[in-house]
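Data block below; observations after.
The values are calculated or read from the model by the stated rules, or taken from the named source; none is laboratory data. Just so it is clear, the structure is predicted and the values come from calculations on it, not from any experiment. Here the Cβ positions follow ideal geometry from the backbone for every residue, glycine too, while neighbour counts run over all protein chains shown. These accessible areas exclude ligands, DNA and RNA; they are computed on the full protein's heavy atoms, side chains included. Shrake-Rupley method; radii C 1.70, N 1.55, O 1.52, S 1.80 Å.
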Amino acid sequence: MVDVILGLQWGDEGKGKIVDYFAPKYDIIARFQGGPNAGHTLYMNGNKIVLHQIPSGIFHQDKINIIGNGVVLDPVTLKRECDSVAKYGIDVKKNLFIAERTNLIVPTHRALDKASEKSKGDSKIGSTLKGIGPAYMDKTGRNALRVGDLADKTFTTQYIKLRLKHQKILDSFHFDEDISAWEEEFFEAVEFLRTLNIVNGEYFINNKISEGKKILAEGAQGSMLDVDFGTFPFVTSSNTISAGVCTGLGVPPRNIRDVLGVTKAYCTRVGGGPFPTELNDETGEELRNIGNEFGATTGRPRRCGWLDLIALKYSCMLNGVTQIVMTKADVLDTFQELKVCTAYNINGEEKHEVPFQMTRMNLQPVYTDFAGWKSNSSSIRHAANLPVEMSNYIKFIDAYIQAPVKFVSNGPGREQIICL
Ligand code: GDP
Ligand code: IMO
Ligand code: MG
């Protein structure tokens, strides 16, 4: 049996915290897509930790964490992260497993990402520059190196072949940065990766399912960044929706049970692309400051705006969401008035669906207003103590998207969550 926790917006919904919170109920926590573009923040005894490649169940010593085949893996980031969790007494050789079909990010993928973004000028995607797009292109282009290839004595030859292929493209971009230092750390990290538990992920997971073990699949990014259904081309390069769990771990659809969708109580986006409810004013600034909305991977300020129920309902439909977790409700504590987008006005007509594209049209959000609760909610632990205005806000969202809001997170701490 597999449950899924994934983001319903443009990423950074607080998935890391929520996975860490639910991890005790599971035997295995598995990442199924994305790579070091992810930045999942957890707090361990008051210390902030940001995970990019390792699943967010790693601090639960008795749990297995697995990096699934749908992930793109940068050995350098992984090694760095393993070293940092080791400081908390976590021995990754015991509870971290990596699927051998996982595709590797090599240094030239990062160079290609950088060169490609630079060539796009103002229309750049705003990628995290971690090599995600080029690595997934090599997967679908059938050129990639995979973790299982590390066991082959031809690995270095294969690497050189791939590097030469990349060099031709880099030359066409006139990319002339010296990446020899990146290569040096890559090969060092590759040696380290060889010492970890490399398994046949699909048999590993399916055998565990047969034994009755419970698996929690951890999404990265968010549904609006999905390569098929997101705000293309301003998306990431993987399927971030629940369907990605099947291909990213090798589990059949019938084994997927609950899909917990995580949404902020408002909206953020980092990087380029359409964002209908974006607030380029002091209210947006206030959301950014109170919510500390700065990228966990790149440190970039996140764009902020009101909750978009058209996009949220769309995400729930695509994922088959069974329960909603609403995070960062406490960030709205001081607001006099709140708004949620309940329609898009497209060229003068009210629409309730996410259109094919949003950049070459006049799209304006239509809002429904709510009174704010104007009280400190961060220490509430029981649903009965929620301010009535917050309950109204949640009830409206619940009814609009037709998926139950079951949990409200009201602070970054592990204990700051209310079950409704
Ligand atoms: P992820 O990528 O979805 O795991 O999210 P990030 O870690 O990138 O960003 C979420 C940020 O919000 C982190 O700094 C978290 O510590 C923080 N956070 C998570 N839940 C809450 C919450 O309910 N309230 C507040 N104030 N912060 C939260
Ligand atoms: P988590 O898992 C927020 C965004 C980038 C860029 C676009 C493409 O922490 O929620 P990429 O590097 O994937 O080619 O970038 O996607 N992006 C994210 N935004 N959270 C993330 O991950 C993201 N991962 C990628 O900013 O706009
Ligand atoms: Mg993040």
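The condition (being over 21 Å from Thr128 (Cβ atoms) and assigned by TED's automatic domain parsing to the domain that holds Trp373) is satisfied by just one residue among Glu293, Glu278, Glu286: Glu286. Of all residues being more than 13 Å from ligand 3 (Cβ to nearest atom) and farther than 20 Å from Phe229 by Cβ in the stretch 1-19, which is surrounded by the fewest Cβ atoms within 10 Å (Cβ to Cβ)? Just the residue, please. Here the answer is Met1.
Taking the stretch 405-420 as the search range and keeping residues that are of a type outside the set (D, E, K, R) and exposed (fewer than 14 other Cβ atoms within 10 Å of the Cβ), which one is farthest from the chain's Cα centre (by Cα)? Within the stretch 405-420, the match that is farthest from the chain's Cα centre (by Cα) is Cys419. The residues listed here are Thr108, Thr77; of these, the one that is open to solvent by 10 Å² or more (accessible area, probe 1.4 Å) and either assigned to a helix (DSSP H, G or I) or touching an Asp or Glu at 6+ places or on another chain (Cβ under 8 Å) (or both) is Thr77.
Screening the candidates Ile64, Ile28 for the property of being among the aliphatic types (A, V, I, L, M), open to solvent by 10 Å² or more (accessible area, probe 1.4 Å) and touching a strand residue (DSSP E or B) at 6+ places or on another chain (Cβ under 7 Å) yields one hit, Ile64.
Restricting attention to the stretch 33-51, report how many residues are more than 16 Å from ligand 3 (Cβ to nearest atom) and either buried (at least 23 other Cβ atoms within 10 Å of the Cβ) or of a type outside the set (Gly, Ala, Ser) (or both). Give the steps one after another, and end with the answer.
As a first pass, look at the stretch 33-51 and keep what is more than 16 Å from ligand 3 (Cβ to nearest atom): 44-47.
Narrowing the set further to residues that are either buried (at least 23 other Cβ atoms within 10 Å of the Cβ) or of a type outside the set (Gly, Ala, Ser) (or both) leaves 44-45, 47.
Total satisfying the criteria: 3.
Just one of the numbered conditions (1) surrounded by 21 or more Cβ atoms within 10 Å (Cβ to Cβ); (2) on the phi > 0 side of the Ramachandran plot; (3) of a type outside the set (A, V, I, L, M) is not true of Gly89; which one? Unmet condition: (1). Based on what the data block shows, is Val50 more than 25 Å from Thr247 (Cα to Cα), within 16 Å of ligand 2 (Cβ to nearest atom), in contact with a strand residue (DSSP E or B) (Cβ under 8 Å, 6 or more places away or on another chain) and not acidic (Asp, Glu)? Spelling it out, Val50 is indeed more than 25 Å from Thr247 (Cα to Cα), within 16 Å of ligand 2 (Cβ to nearest atom), in contact with a strand residue (DSSP E or B) (Cβ under 8 Å, 6 or more places away or on another chain) and not acidic (Asp, Glu). Taken over the stretch 156-172, the residue count meeting the criterion of being of a type in the set (Lys, Arg) and open to solvent by less than 90 Å² (accessible area, probe 1.4 Å) is 1. Of all residues in the stretch 63-72, those satisfying the criterion of being in a strand (DSSP E or B) and closer than 16 Å to Ile29 by Cβ are Ile64, Asn65, Ile66, Ile67, Val71. Just one of the numbered conditions (1) within 16 Å of ligand 2 (Cβ to nearest atom); (2) touching a residue at least 40 places away in the same chain (Cβ under 8 Å) is not true of Asn292: (2). Flag: Ala23 matches the condition of being away from ligand 2 (no atom under 14 Å from the Cβ), buried (at least 21 other Cβ atoms within 10 Å of the Cβ) and of a type outside the set (Lys, Arg). For the stretch 271-321, how many residues meet the condition of being among the acidic types (Asp, Glu) and farther than 16 Å from Val331 by Cα? Of the residues in that region, 3 qualify.
Among the residues of the stretch 267-289, those identified as out of contact with any strand residue (DSSP E or B) (no Cβ under 8 Å at 6 or more places or on another chain) and touching a residue at least 60 places away in the same chain (Cβ under 8 Å) are Gly271, Gly272, Gly273. Where strands (runs of 3 or more DSSP E) fall entirely within the stretch 326-420, those with at least 3 residues that are in contact with an Asp or Glu (Cβ under 8 Å, 6 or more places away or on another chain) and in contact (Cβ under 8 Å) with a residue 24 or more places away in the chain are at 337-346, 363-371. Candidates Phe175, Phe186: the one that is open to solvent by less than 60 Å² (accessible area, probe 1.4 Å), outside any helix (DSSP H, G or I) and at negative phi is Phe175.
From the list Lys165, Lys208, exactly one residue is of a type in the set (D, E, K, R), in contact (Cβ under 8 Å) with a residue 12 or more places away in the chain and under 23 Å from Asn255 (Cβ atoms). Which is it? After ruling out the rest, the residue left standing is Lys208. Among the residues of the stretch 138-155, those identified as assigned to a helix (DSSP H, G or I), out of contact with any Ser or Thr (no Cβ under 9 Å at 6 or more places or on another chain) and open to solvent by less than 70 Å² (accessible area, probe 1.4 Å) are Asp138, Asp149, Leu150, Phe155.
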